[in-house]
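Take a look at the structure below.
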Amino acid sequence: MSLLDMGNLEYYRKNNDKSLKMYDQGLLMFRKLNLSNHILAVTLLDNTGKTYIDEKDNCDKALYYYQQALNILETYYPSYLARIAVILNHMGHVFFRQRKLDKALDFYHRSINLLKEYYSSDHVETISFLRNYDNILENDEFIKHHEQVLISRKENGTTRGNTCIGSSSNGISHIHLRQNQFDEAFAFAQQSITFTEKSNPTHYIMIA
């Protein structure tokens, strides 16, 4: 079992300090072997950042490690667009936690553009990343964006797509409700129930 695997195991066990120690030992080993730019070093840096933000709520530390991972990817693996997009998305999440919304939006935007280039505008991974906008965009802009996501998800037509459509419709319904647009809120609430029932009829929390 590698140091990365051991670190991941400790992470899932919620032994965060042990997890960070394993990741750090892995990074040290790569440095000693003069392999600091190895793709596995990127994974170690990414996982370290994730541990700091998710388990320790340390935004500065998380950004420090994410930035190192991003630097390696952009310098040595520029064709790894999907991987770069993931790191940008993680950094956007940290900036959102810091309430630096302009920066968060910028990083999410960069991430989504890379995914569109690597996959397509309506690929499930692209759509998944688009949902991060939901916490930033508000009112008319928020609704317009959500409706674009819905169109893509309807075209997807899979069970997973139905689940996502139900979730997005529910989000739009709540926005309309906050704007006292009751007819629109009701219409999207009905749509949410319809698609949720198609994908998971036992999802009582979303349906009830």
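Assorted remarks:
- Neighbourhood net charge (14 Å Cβ-Cβ; Lys/Arg +1, Asp/Glu -1) for His38: +2
- Ordered by the number of other Cβ atoms lying within 10 Å of each residue's own Cβ, fewest first, Tyr80, Tyr23 fall into the sequence Tyr80, Tyr23.
- Sorted by Cβ density within 10 Å, fewest first, the residues Arg99, Arg110: Arg99, Arg110
- Among 7-14, 31-38, the order from most to least packed when residues are scored by Cβ within 10 Å on average: 7-14, 31-38
Each value in this text was obtained by applying a stated rule to the coordinates, not by laboratory testing. Remember, it's a predicted structure, so these values are computed and weren't measured experimentally. No Cβ is skipped: glycine too gets one built from the backbone with ideal geometry, and neighbour counts run over all protein chains shown.
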